[in-house]
1. Of all beta bridges DSSP finds with both residues in segment A:2-165, what is the antiparallel percent, to the nearest 5?
2. Could you state the principal axis extents of the C-alpha atoms in segment B:581-714, from the largest down, to the nearest angstrom?
3. If I take the Cα coordinates of segment B:250-330 and project them onto the principal axes, what are the three extents in Å, biggest first?
4. Can you list, largest first and rounded to whole Å, the semi-axes you get for chain B by taking the square root of 5 times each eigenvalue of its Cα gyration tensor?
5. Taking 8 Å as the Cα distance limit and 6 or more residues as the minimum spacing, I'd like the relative contact order of chain A as a percentage.
6. Antiparallel versus total DSSP beta bridges in segment B:178-280: what percent is that, nearest 5?
7. Between segment B:268-329 and segment B:713-764, how far is it from one alpha carbon centroid to the other, in angstrom?
8. With a 10 Å radius around each residue's Cβ, average the other Cβ atoms per peptide and rank A:28-37, A:169-178, highest first.
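Just so you know, all these numbers are worked out from the coordinates, no wet-lab data involved. Just so it is clear, the structure is predicted and the values come from calculations on it, not from any experiment. With ideal geometry, Cβ positions are generated from the backbone for all residues, glycine too; neighbour counts draw on all protein chains shown.
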């Protein structure tokens, strides 16, 4: 087994050109577990932790731009005010030790249906920037993630940045796990009430082969919400919940049944919108 | 104890009628005090050596090949490719076992290596030793086994009449308890229910590990995490065809046990590898392998009918208990015996008809776990008591008090309770503890925790209570004695020093502390050394059945008393004092000296010990018990212990999520010899009981484990652990050393049904199975 530890993006890409099929190691919170279980026997590893260009986040001209190596801890502590749903989602990831190691780029790269960062990135139409031997390209998240633990990343390519437009208005993240902390999600959902576009935006997790975007439910809710008063009819909340639940395609596994997941996503959607609308009412009153 | 780590972060209120220190002579750290653990600081600092840290120069690494199938015939095993790998020292299969081909705690029905038939997923087929763990792993992969898969038998009830999957048959034990005249009586009110308990894992932190070192003369030294050194030794010796004295077993640092280390796991394999290679061999299971490498708690299906008069007086209990023991017997015979004995709970029940089956299936083997048979039936009998209270329209607490056992009452196996039975006091303490604030607290404390799924209006609170009974020590005529040696001498600095030696397995429960406390109290010596537990002394029995305080504590106390007698005799001889008959009382050991009661002289201990040390060995036996007769009647148990738990639970019915807010408990402890250690046991036991109530289950699919990891087998975190309010009920137990009862198991038994009763109260749902899953609440709630 060989391990290469590049310090810059160009060194990383050089390493990839030498070994396009090498395993990429960031925080290791998925990778090392698989190694410990003997499910993954890596031959060549490119360890990215030292790559300068992949560190840190910034906000320029209304765009949030995250280096792939930004950790959950950074998001949890540095973005609690600006991106509360992202910070909240990060808080639900594992233990503090795991949050110190796990990265947003890793979450996207692993593309687990249960990835906790993915619902909000979905709701915010995040873009995934890849770089590599054949140059740089940018893909929408839902084009990058093609299925459960499957992505459009090519050999010789790595994720360098995750970007999305800044979005005004309330945002909420709700996650169900089998215990009250340190749990992999059974079902989770992020909702943003985009007050500029007057649009409700939703992403759900553990609800299908990849993060789910309930377009029709979003359109319905965007109409149903009174954006000026911060109000919505209770019946409309129910309809919205049913529509979001209907836009899921979960599996049954040892963490939950498909029936429960769909149902629970509906409940989460209802509560998330209820909270967002209450926030709007609070802001207008 | 390891699991207590999560509990340490929570608030615990303790109420106790403590009688204060009973230490003689003002010696610090005696019986009744919160003496510090001798291994506490090293454990916190990471310096404590666990068995997985063991190392020997030139050692090899052992690894086990396990069956991927729960049921299969083995057509052939080809080890040649594995043997040819560079760095592989040996590959062993069933044909290499020199002695008995099978082992087992109660019946030797489990092969060391499967050779013709595989009966559970994970059953060992072969073991290898290699110079590096990675090479051992590759060697295991290189062994080719040709299996013919069979349909696994996974339904314990169906197994009663199914084709036997083992030469010993599918019924490991059937017990029928007939008490009173059950055929002739019927209650005015009858409630009925069927209950299920899922397969819980002990989830200790330190996976199985051990180091075997051949002695060059055909024998072996084994350093191992275990609960009972001598039964390990005897099983290893039988399989290795060695006399017992050629297998020397020393306890290595144990990272938790909870019953899972009672059975042999890697002991035979690692010793066999060491003897065959002539080199030290170490084995350490991974977390995943650990789930396949030890027994679990029996899943159970229990059909109940409870009869009572209109005034709430219990008349009869009928029950059919089917316990799934998995592929091999382990301790199933004793588990089902306990389940039958305590099927009616801690209540006066004049008539009972209980049938219990411990069954063999192709599921993972099940055996000992904290609570041992009482846990399963407690979930059922307590649900029945609540059903009965609802049917009668009475308060469930009052119904329990009305029927509570007292000293002099008989349990359904006909045995009269001769010791203390403060069932009423336990219930009153648990039920009377202050309730938590009505306020739900911070959002992080709502059901759903960090997931922030609930708002205040989504949450409902429920309160439930449950009560339990269990036996202490082994039962049905078993003489599980313990041995202790105490040596008193002058240390290098000239001060008196005691050394205590037992084979009692310290698994985190704190017997090492207690042994020191007892010596300090009995001999008035503050400096007490502990020798490593090993088989060079007689057996201590198992660290299970809440028995070490009573049994090994009694042995240490007995050895101290003999040491004191020898000392007095030594001084009497030197001073020409006649100690015959009543004259024995004229000398006493007090304040570091042997004193004459009416003459004004004394001999300091330092003088009495200057020529020679005093050392005595004592064997402590409990009262003899009897086997059951054909109706399951007999004085089979040594002593009984009781506890009550009240749970306050916040439930989010919409999502089926639960946060246990508070558990208050009254526990019958006899006497708290180290109150802080007792509180630790109670907190940890409650964590394990909460786990079974709402999350802990080994999920099986056709005999295969679906969640063999701590990612998917979840145990409570600090955010799942409730506040704990503890009342220690201290009524000294006659016949028990210092009056103390064992405290380890009761916290786990009735905490589970109390939590579920509280969830029922919050939701109005029946909930007849644990663990309660979100689906069970949310989908039923959505339908309602």
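1. On the way: 22 of 28 bridges.
For segment A:2-165, the DSSP antiparallel bridge percentage is about 80.
2. Computed over the Cα atoms, the extents are 80, 44, 30 Å.
3. If we take the Cα atoms of segment B:250-330, the spans are 72, 26, 22 Å.
4. Numbers: eigenvalues 326, 278, 124 Å².
Sorted largest first and rounded, they come to 40, 37, 25 Å.
5. Details: 627 pairs, mean separation 43.1, N = 285.
Relative CO of chain A lands at 15 percent.
6. Working: 5 of 10 bridges.
Bridges in segment B:178-280 are about 50 percent antiparallel.
7. 21 Å
8. Working: A:28-37: 16.2, A:169-178: 25.7.
Highest mean packing first, the order is A:169-178, A:28-37.
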